[in-house]
Amino acid sequence: MYDVAILSDLRYPGGNSASIVAEVRAQAAAGLTTVLIHVPSPHLRHARPFESRIVACLRDGLADLADEGDEIAAKVLLIRQPRIFTEDPAVVPAVRAEHTIVVLNQPPGDEGDDQRWYVFGEVRERVERCFGPGVVWAPISARVRENVQRVAPGTPLPDTDWHEIIDVADWQVERRPPTTVPVIGRHGRPDPVKWPRDPEELLQAYPDSPDVRVRILGGGEIGVRRLGRRPQGWEVVEFGAESPREFLGSLDFFVYFHDPEWVEAFGRTILEAMASGVPVIVGPHFRSIFAEAAVYTHPGGVLDLVQRLHRDRPAYDALAARARAFVTEHFGSASHIARLASLGVLTRGTATLPRDRMPPSARPTRRVLLVGDDIARFRAVSRRLPADIEAVVVAGSTGLPAAHAAGLLTEYLPSAADLGVPEHRWTGFVRDRLRHLIELYAPRAVLVGGVPHDGIVAAIEQNEGPRWLWLRPAMWRRGTGGEWAARGALFAGILEPGEFAAGGDEGWTTTARAGVSVVDPITELPRKPRRRLAENTLLCRGVEATLPGFTAVTAAPGELAGVALAVSRADYTNFHELLGARVPTVFVPDPAAGDDELARARFAAAAGVAVCATDDDAAAQALEKLSDPAAREALSRRCAELSFGNGAGDAAAWLAGFCRERSEVENNGVR
């Protein structure tokens, strides 16, 4: 039984193969199994090999290839490229799947003919004849959705699109310094529909002007043919002479305009440009996909927009950063793993892809040490660091397995109890252990989670090389923890993860926030998790409970959307994950905890987002009340009304900023 089967013509160039590879890599990194099923398309009639990136995935063991005649069992079958079924396949693959989804990565038609490329009803009838009537038809964008709804208005479609994903780290490039003359460009497969039809508009989008240079990777001959000449300022690069990633590193702007009748289903090359840090200029019809991450104009407005942004570097840099953050949040690999989880495909731990299979540019050149047992927040921040920064988690025996399972590089820092030594001897051990790790990894920064105990202080005094930072917890119980306040002066920066219950915080940090950076609550939740409930499930975290008619389950952050009811401690991670995922929850605070769980739970109850129970009887009564679906729905709705953001991305940017600052100091010869 495979987790995912992907059926397509594995010879397709361009976006179809890139999308398959992105999903295969995301699935492999999450510990999921994949099988690829090749079905020849009637539109690729001449002999050609599998696309090279597909071959690399198979060679590297990230997926299996089904042989003709194999009987395949999978939890999810994804069928990519509906045009494969414009004719009956010569051989129908024998696939048994719990869910079958046709990813509509091409619309049926264009602006001139709603079904120019395939007749939707015929393709649907053929697919359902091969794979059964329960097929889900999933558009990849709003434009495809609109086309399908016009030609087949009765077809049920999912509420959300099966959008493209990208491994942002694979596309990170070192940006070159700005030049006097801006360089604009585009890359893509050579197809006439990918270019403006009118020569005047083509030259407006890609000007022949001394004020701008134009670089084109793939398809440039089409533009030259339409103009009848090669403009002097154009550099046409043969496809394959440079990798798309290297090519994007040579651009200041990515500009993409196409035939006005062509309906671009998504625009994967746009996604790649954004991930690489290149600002994108496109037509207004892309706004429904990329929102504020791109700038929109018509061909005639390109040159003015390029010159204006090229002169205004703060605006240019802000646009590039906004686009990269948008791609990471909306189209990163985690979003794909979350939607598979909604279909019952749950990860079995995170695998790290072999380093020698990573693009050279994606290999980290800088490291940070994350010290402490604050593993949930370490994981959330680490996944959002730039590709050239690698986190090394230094933790004790309680936190190390979770960090290791997440695919992070880990080092063991045993506690005094683990070593069987008194505290004063352990202080020296921590100092020496961290000195060794700093010499080994040469980190640009060391982020300390938890409290800066004497061992940390001794290490700071002895190791001035890296920037020492503090991930400082808030929500201390009244009258506790104040002894740590003065130690904040030892750190170059202090970051405080936000608290939903900040209004009930009476701890010492509320009066010691000068110079402290505060972000939204840091969680590992996917963006805007959607509630999808199939049965009565009860999740217990740190609390033991049962409820008649409910099945006990466990759930990772990406799987919380399917949990009907939870009973939990009110520690930081569980509190914010459960509320963020809108899970109806009974919080049973631990009065002996270091943080103020009671204040958190009471605040949540006062806000109407959860129930607070301070003893077993109260918890049992609360769970009984929440066995009523209406009561659970009321809590879930209230959570949605008072939702909070995820500060993990901002925390990663804050941490990366200290790494960059350190690099600049070193480059200037100052240690």
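The values are calculated or read from the model by the stated rules, or taken from the named source; none is laboratory data. Note that the structure is a prediction, hence the values are computed from the model and not measured. Here the Cβ is made from the backbone with ideal geometry for all residues, glycine too, and neighbour counts use every protein chain on show. These accessible areas exclude ligands, DNA and RNA; they are computed on the full protein's heavy atoms, side chains included. Shrake-Rupley method; radii C 1.70, N 1.55, O 1.52, S 1.80 Å.
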(message) Amide H of Val371 versus every other amide H placed in the peptide plane: which residues, excluding those fewer than 5 positions away on the same chain, fall under 5 Å?
(response) Val394, Leu447, Val448, Gly449
(message) Leaving out ligands and nucleic acids, and using a 1.4 Å probe, what accessible area per residue does segment 193-295 come to in Å²?
(response) 37 Å²
(request) Set Lys and Arg Cβ to +1 and Asp and Glu Cβ to -1, take the dipole of the chain about its Cα centre, and tell me which of Gly332, Tyr206, Ala486 lies farthest positive. (result) Tyr206
(request) Over segment 440-573, with every protein chain in place, what whole percent of the accessible area is carbon and sulfur at 1.4 Å, could you tell me? (result) 49 percent
(request) Give a quick list of GluC sites (Glu not before Pro) in segment 1-77 that DSSP marks as loop, anything other than H, G, I, E or B, with at most 12 other Cβ atoms within 10 Å. (result) Glu68
(message) Over all directions, how big on average is the projection of the convex hull of the alpha-carbon atoms in the chain, in square nanometres?
(response) 32.3 nm²
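If Tyr572, Tyr441 are ordered by their accessible area, calculated over protein heavy atoms with a 1.4 Å probe, which sequence runs from highest to lowest? Show your work: numbers first, answer last.
Numbers: Tyr572 10, Tyr441 35 Å².
Largest to smallest exposure gives the sequence Tyr441, Tyr572.
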(request) Per residue of segment 494-507, in order, report the coupling 6.51 cos²θ - 1.76 cosθ + 1.60 (Karplus, θ = phi - 60°) as ³J(HN,Hα) in whole Hz, putting x for Gly and Pro. (result) 10, 10, 10, x, x, 10, 4, 8, 4, x, x, 7, 10, x
(message) Sort 581-589, 167-175 by the packing proxy (mean of other Cβ within 10 Å over each peptide's residues), most packed first.
(response) 581-589, 167-175
(request) Please report, as a whole percent, how much of the solvent-accessible surface of segment 103-161 comes from carbon and sulfur atoms (probe radius 1.4 Å). (result) 44 percent
(message) Rounded to the nearest 20 debye, what is the charge dipole size of the chain about its Cα centre when +1 sits on each Lys and Arg Cβ and -1 on each Asp and Glu Cβ?
(response) 940 debye
(request) Treating only the Cβ atoms of Lys and Arg (+1) and Asp and Glu (-1) as charged, compute the dipole magnitude of segment 441-534 about its Cα centre; round to the nearest 20 debye. (result) 640 debye
(message) Just to check I understand the Karplus step: with θ = phi - 60° and J = 6.51 cos²θ - 1.76 cosθ + 1.60, what whole-Hz values come out for segment 156-168, glycine and proline as x?
(response) x, 10, x, 5, 10, 7, 8, 6, 5, 10, 8, 7, 4
(request) Taking only protein heavy atoms into account and a 1.4 Å probe, give the accessible area per residue of segment 510-655 in Å². (result) 45 Å²
(message) If every alpha-carbon in segment 472-513 counts as one equal scatterer, what log10 I(q)/I(0) does Debye give at q = 0.14, 0.25, 0.27 1/Å?
(response) -0.30, -0.90, -1.03
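What is the mean projected area of the alpha carbon convex hull for segment 501-655, to one decimal in square nanometres?
Numbers: hull surface 37.3 nm².
Quarter of the Cα hull surface area: 9.3 nm².
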(request) Just order 24-34, 117-127 by mean Cβ neighbour count inside 10 Å, highest at the front, would you? (result) 24-34, 117-127
(request) Let me have the 222 nm mean residue ellipticity of the chain computed from DSSP H runs of 4+ only, each contributing -39500 (n - 2.57), with the sum over all residues rounded to the nearest 500. (result) -10000 deg cm²/dmol
(request) With no solvent and one equal point scatterer per Cα, compute the Debye intensity ratio I(q)/I(0) for segment 29-140 at 0.13, 0.20 Å⁻¹ and report its log10, rounded to two decimals. (result) -0.55, -1.27
(request) Return the sequence-ordered ³J(HN,Hα) values of segment 207-216 in whole Hz as given by the Karplus equation 6.51 cos²θ - 1.76 cosθ + 1.60 applied to θ = phi - 60°, using x for Gly and Pro. (result) x, 9, 8, x, 7, 7, 9, 10, 10, 10
(request) Provide the packing ranking of 602-608, 2-8, 197-203, i.e. peptides ordered by the mean count of other C-beta atoms within 10 Å per residue, highest first. (result) 2-8, 602-608, 197-203
(message) Under the rule of at least 5 residues apart or a separate chain, name every residue whose amide H is placed under 5 Å from the amide H of Ile522.
(response) Gly498, Gly647
(request) Starting from the amide H of Leu409, placed 1.01 Å from N in the peptide plane, find each other amide H under 5 Å away whose residue is 5 or more places distant or on another chain. (result) Val393
(request) Mind checking the per residue accessible area of segment 60-99 for me, 1.4 Å probe, whole number of Å²? (result) 50 Å²
(request) Name the residue farthest towards the positive end of the dipole of the chain from the options Asn16, Gly300, Ser288, assuming +1 on Cβ of Lys and Arg, -1 on Cβ of Asp and Glu, about the Cα centre. (result) Gly300
